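Here the structure is laid out as structure tokens; the discussion comes afterwards.
The values are calculated or read from the model by the stated rules, or taken from the named source; none is laboratory data. If you're wondering where the values come from, they're calculated on a predicted model, not measured in any experiment. Methodologically, a virtual Cβ is constructed for each residue, glycine included, from the backbone with ideal geometry; neighbour enumeration extends over all protein chains shown.
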Amino acid sequence: MTKMEIVGKPTEALGSEDILTGKARYCGDLTFPGMLVGKLLYSAHPHARIKKLDISAALAMPGVVTVLTHQDIPGKNNFLYALDDQPILVSQFARYQGDALVALAAEDKNSAQAALKAIQVEYEPLPGVYDALEAMKPGSIQVWPDRSNLYDRLVIEHGDIQAGFDAAEVLIEHTYHTPLIEHAFLEPECAVSLVDWDGTIIVYSPGQSPHRDRHQIARALAIPEAKVRVIYPTIGGAFGGKDELHVQIHAALLAQATGRPVMLERTREESIRTHVKRHPIQVRYRTGATREGKITAIHVEAIGDTGPYVNAGAEVMSVLAATVFGPYVVPNAHIEASTVLTNNPICGAMRGFGIPQGQFATELQMDALAREVNLDPLDIRLLNGLETGDTLPTGARLRQAGGMKGCLLEAAEMAGWAERQQTEDRPAPHLRRGWGMASIIFTTGLGRNVPDSAGAGLDMATDGSVLLRTAASDMGQGAHTVLAQIAAEALGVELSAVKVTQPDTHRATSAGASAGSRTTFVSGNAVLDAAKPIRETLLQIAAEETGLPVELLSLRSGRVYADDEQLSLSVADLAGQAGQQNRRLHAEGFYTMEYPEPLPEGEYPYAHGTFTFATQIARVLVDIETGEVMVEEVIAVQDAGKVINPGGALGQVEGGCAMGIGYALMEELVVNQGRTINNSLESYLIPTAKDIPQIRARLLEFPEPYAPYGSKGIGEASLTPTAPAITNAVADALGLPIRQIPLTAERVLAAIDSL
Amino acid sequence: MTFPDYFAPATLDEALAKLGQQAGGAQIIAGGTDLLPRMRAGLVNPNLLVDLASLALAGIRRESSFVYLGARVTHAQVLESKLLRQHYPALVVACEAIGGPSIRNRGTLGGNLVNASPAADAAPPLLVYDADLLLVSQGAERCLPLADFFFGPGKTALARDEILKEVRLPVPSGRTAAAFLKLGKRQAMAIAVVSVAVRLTLNQNSRIDQARIALGSVAPRPLRAMESEKVLLGRPLEKLPIVEAASVAAGEASPISDIRASGDYRRRMVEVLVRRALSSACQELQREKIGG
Amino acid sequence: MAEITLNFTVNGEVAKVTTEPVKTLLQMLREDLALHSVKEGCAQGDCGSCIVVMSGQAVNSCLVLAAQVEGAEIVTLEGLSKNGRLHPLQRQFAELWAFQCGFCTAGMLMSCYALLLNNPAPTQVEIRTAIEGNLCRCTSYRAVMDAVLASTEGGHLP
């Protein structure tokens, strides 16, 4: 492969100057003449029948322009994810605390707030079901009259489970719990909608999938999708929480009803109350192994509480099921993943999508096994670790798994794992030091037999500058920068010549969701697909201009080279020529995630094909009198396939660790009878600068076949090992494992008491 | 949040007069760091805000054997004051642990006290330093020990027509050492789960002449653990019954269970923090002794 | 409530705004002065996204009333660069990837700017304290602290 000019080089984020000077426009910064303020009324109860809804007083209030209820929705009154079960505006039943009853628009915030208060609702509060295990019992209150609380139960089987456990000389079985988690993106949800001069409904909002947003908006407003335009401004974080629609449809309905621009923003409290969360999941994990520590079989039962509306629930549980065996050779497996309905807050996509929850259990289980067979945690992972060519319990064969042992060994080396016994384990009478590791497998893409494709457009202008039209969402993870790098490299132009459009359904074809760590892979390949014919045309023109054979010519950073000699010809010259010669310098690329190998008969039909690996090691101090856990250091090593932007990639790893530290130590949305109690950033705690210790991170490259330049997703795998590594470290410090996070001081102290 | 009226008096008398006029609907605002969130949450709904900003209430001065802090002294000012660092180090440590710099730049000691959260971080140190409060009303002034000021969450001895003007602290003399410890659920921007301040003063025979132990977040109000203090009185520095005092202090707490912690855990942490704070103060006294 | 007219300076320029006195500074900056860099993340002082510099000190603009700004000097992110030239903090934030989604960044930069106004050569500990009230969900804060160190005179990365 030729030396690369741009891919692989540390690259400043696109749009950085706009963000750093305050010019960047987030949704809440947009203003339009005559813009109204929209607000939503949310249910006062997590489960209730709406007996009476009287909006007349609100309608009569000064400054109020319109007040909408479910009867005013022209099209479908539901969101559409896995099911169309969640209403946009409740008609009869509110099923969780975040169900909206009314959407209104007024001239200003104060009028809108006052009008909300004037809406009269008569509720009949109903008993609800607020515990997933209770919900699964016969005789439980049913969330829906016509379907079971057990919405889905997926079973993945591989090998001969009975034989596997028969062969086991050692059995470990434990149950693990992870909590309900809030994304806490700094930008609360917002949408601005207006009716364009030609009747098109425009919706600006932060999101992760503009075409999917468009589809849902259109069907609710009963207009063709082509008459809806979704545009993403700069986005203030998402982490999966803006993958699904939030207030876009409501804003569009209000714009459609009033004919005026409407801005609908959620307050932080409304945000925490209403938007999807990370599933709290209970995992019961039984591992069978030989006395030497080699896994022979696993039996896993995972139960996830998804709230009343399915959203991404079954998918999250299925991704958990498809990875809960961890980065290990597991010859026999029986995995059950249950998606349970309750009247608790809705759960959906959040960074990791079930894998952090599942592999929290996996990695604690590995340490438990290590203790049982008296092996070092590193050695048991090396003993069982996957290698290239191995087959997973889903049936997928690993094209590239060098990263498993590669990251594991590198992390151990960086941490000084072999010498860790030499560190003082009792630095003070009340302190205990511990070391823990976690090694994980993560997926790139959405799985076989799931729509997983992306389009991208490249238009080169006659001056050689390039418009990259993508619907992939950059939520801060640096997706646009990476795609621009790929485009610039492939077209042989300078990075500064590439302009990436904001995601816009009128400008770019669907890229699918910016989720599943798939954007670099799928959209990157789409960009390469679009670049190919343009590059060929440019080289053809260059060959004609120079009289040299095409094979000798290359394009680099805007100039033409013959072998390695720079010619006087520039890419801009070629582009100018193309215009003169009726030659096309624009193309639409398209890529679908590939599965070139057939899946063996009887195996899991939605298995992923691309995997990444990561290992993290944490060193902690535990105060055994207070129970406080202090993380001293985290070592994070991750396989990125190929690092396209080293600067951005490192940030993704460090940021993932930071989120993982919060997950391990302090984050939990507390729910009481369906109501979240800690609805603010004062009571829902995420790490501050003082809570994050030194993180030493390194990215390794085990190039992935079929990936653009060999790269694969980073942003979710970086979060996954942190909490189990810290939890294993605490177990090491105390001499006993704790199987639930967050490791609050009180929980740790209770564990110490039980010693 | 409905919009109240706003008034910025130029003198204390003007402020007091306005309070009197409003028959209970007026609310003093200083830094606003507690008040504005409470108004936003609908917990308080004043029809008038009386802003103390223009009043000369933010001075820190020493007058003979007292230090006077104006009620509007911000937590940031406390951190910057050499005088306070010298004589009231436990107060400085407590103020460092309040919010972040931007909150400390606005939040005031007076506000911290009058807001009367059981978790008010400035209260335990001010209690162990024997603070008195100067409360003024139209034509009258009274001086009240801080120990008598708190009644319960959000409830103080401040009358509707009174303004807290100053905090008065005696300058500690002799051999004295103090400590402040706070337990929170993260390392910054945390409301105290438990907070503790202690101060020990020795007589010439190296015995405890004065012991002060104050607890925060473990009762409806910040309070002195009087029984625990008695355990230490008259005892020699070399053999202080710290463990016993800490245990007694835990018994004097009446903590509730809330989103941050259970009552049982809080009670246990009183013992731990009092023990550690007393040890710290002792060590400091012993170092002073050796230093000569 | 009658509106009042406030006179103060913003980013070095005289500003005159007529508004409700108990509107917050955050709302006034965004709505009356179109200074959109100032972000609302929580509206009650928990997140730091709205931090601006007021008379040389970092403050949460969501906790300051418009009326309290009379005569003050306010600096927002829009005022950090001079004549189109980026402040060293801005340049280092860019070069060292000290931001990702950027929503916390204005408040973060203002906290760092306020720190440097009062302490031109801060230690890492002092920088960490200066930003302890700025929540960031994307980064680990490490790059922010490195950027501040790198931006100081004679500063260098550890």
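Computed values, structure above
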| read-out | value |
| --- | --- |
| Conditions (1) surrounded by fewer than 21 Cβ atoms within 10 Å (Cβ to Cβ); (2) assigned to a strand (DSSP E or B); (3) within 11 Å of chain C (Cβ to nearest Cβ): number failed by A:V634 | (1) |
| Filtered residue count, region B:86-116, keeping only those that are more than 12 Å from chain C (Cβ to nearest Cβ) and either on the phi > 0 side of the Ramachandran plot or aliphatic (A, V, I, L, M) (or both) | 9 |
| Unmet requirement for A:R49, which otherwise passes all of (1) within 30 Å of A:Q652 (Cα to Cα); (2) surrounded by fewer than 16 Cβ atoms within 10 Å (Cβ to Cβ); (3) in contact with a Pro (Cβ under 9 Å, 6 or more places away or on another chain) | (1) |
| Lone unmet requirement of (1) touching a strand residue (DSSP E or B) at 6+ places or on another chain (Cβ under 9 Å); (2) more than 30 Å from C:G102 (Cα to Cα); (3) not hydroxyl-bearing (S, T, Y) for A:E187 | (2) |
| Members of region A:65-80 found to be within 13 Å of A:I249 (Cβ to Cβ) and either out of contact with any His (no Cβ under 9 Å at 6 or more places or on another chain) or without any contact (Cβ under 8 Å) to a residue 12 or more places away in the chain (or both), listed by number | A:H70, A:D72, A:I73, A:P74, A:G75, A:K76, A:N78, A:F79 |
| Any hit, region A:458-466, residues being over 30 Å from A:A508 (Cα atoms) and assigned to a loop (DSSP other than H, G, I, E, B) | no |
| Qualifying residues in region B:18-57 (those that are more than 23 Å from B:A120 (Cα to Cα) and loosely packed, with under 15 Cβ neighbours inside 10 Å) - the one nearest to the other protein chains (Cβ to nearest Cβ) | B:S54 |
| Strands (runs of 3 or more DSSP E) contained in region A:541-606 and holding at least 1 residues of a type outside the set (S, T, Y) and in contact with a Lys or Arg (Cβ under 9 Å, 6 or more places away or on another chain) | A:553-556, A:565-570, A:586-592 |
| The listed residue being in contact with a Gly (Cβ under 9 Å, 6 or more places away or on another chain), within 14 Å of chain A (Cβ to nearest Cβ) and of a type in the set (A, V, I, L, M, F, W, C), out of B:A197, B:A119 | B:A119 |
| Residue match in region A:33-49 (condition: in a strand (DSSP E or B), β-branched (V, I, T) and over 23 Å from A:W144 (Cβ atoms)) | yes |
| Close pairs from region C:116-131: first under 21 Å from C:L80 (Cα atoms), partner part of a loop (DSSP other than H, G, I, E, B) and of a type in the set (G, A, S), Cβ under 7 Å, at least 6 apart | C:L117/C:G56 |
| Verdict on A:Q282 being of a type outside the set (G, A, S), surrounded by 24 or more Cβ atoms within 10 Å (Cβ to Cβ) and within 21 Å of the chain's Cα centre (by Cα) | no |
| Residues located in region B:59-73, provided they are without any contact (Cβ under 8 Å) to a residue 24 or more places away in the chain and touching a helix residue (DSSP H, G or I) at 6+ places or on another chain (Cβ under 9 Å) | B:R61 |
| Flag if A:P62 is in contact with an Asp or Glu (Cβ under 9 Å, 6 or more places away or on another chain), without any contact (Cβ under 8 Å) to a residue 60 or more places away in the chain and either outside any strand (DSSP E or B) or not assigned by TED's automatic domain parsing to the domain that holds A:T501 (or both) | yes |
| Identity of the residue in region C:76-91, modelled with pLDDT under 95 and more than 7 Å from every other protein chain (Cβ to nearest Cβ), that ends up nearest to the chain's Cα centre (by Cα) | C:K82 |
| Candidates A:G395, A:G385, A:G389, A:G406, filtered to the one that is out of contact with any Pro (no Cβ under 9 Å at 6 or more places or on another chain), of a type outside the set (A, V, I, L, M) and buried (at least 16 other Cβ atoms within 10 Å of the Cβ) | A:G406 |
| Answer from A:I714, A:I726 - the residue that is buried (at least 24 other Cβ atoms within 10 Å of the Cβ), at pLDDT 95 or above and closer than 30 Å to C:D46 by Cα | A:I726 |
| Enumeration of residues in region B:113-133 that are outside any loop (DSSP other than H, G, I, E, B) and free of Cβ contacts under 8 Å to residues at least 40 places away in the same chain | B:D132, B:L133 |
| Test result for A:L30, touching a strand residue (DSSP E or B) at 6+ places or on another chain (Cβ under 7 Å), under 29 Å from C:L35 (Cα atoms), modelled with pLDDT of 95 or more and within 14 Å of chain C (Cβ to nearest Cβ) | yes |
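Results for (1) within 30 Å of B:V50 (Cβ to Cβ); (2) buried (at least 24 other Cβ atoms within 10 Å of the Cβ); (3) within 14 Å of chain B (Cβ to nearest Cβ), shown as yes or no for each residue.
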{"site": "C:V59", "(1), (2), (3)": "yes, yes, yes"}
{"site": "C:V64", "(1), (2), (3)": "yes, yes, yes"}
{"site": "C:A67", "(1), (2), (3)": "yes, no, yes"}
{"site": "C:G71", "(1), (2), (3)": "yes, no, yes"}
{"site": "C:F93", "(1), (2), (3)": "no, yes, no"}
{"site": "C:W97", "(1), (2), (3)": "no, yes, no"}
{"site": "C:C104", "(1), (2), (3)": "no, yes, yes"}
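To keep it simple, each residue is scored yes or no on (1) surrounded by 22 or more Cβ atoms within 10 Å (Cβ to Cβ); (2) under 30 Å from A:A723 (Cβ atoms); (3) touching a residue at least 24 places away in the same chain (Cβ under 8 Å); (4) among the basic types (K, R).
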{"residue": "A:D99", "(1), (2), (3), (4)": "yes, no, yes, no"}
{"residue": "A:V102", "(1), (2), (3), (4)": "yes, no, yes, no"}
{"residue": "A:E157", "(1), (2), (3), (4)": "no, yes, yes, no"}
{"residue": "A:L171", "(1), (2), (3), (4)": "no, yes, yes, no"}
{"residue": "A:P188", "(1), (2), (3), (4)": "yes, yes, yes, no"}
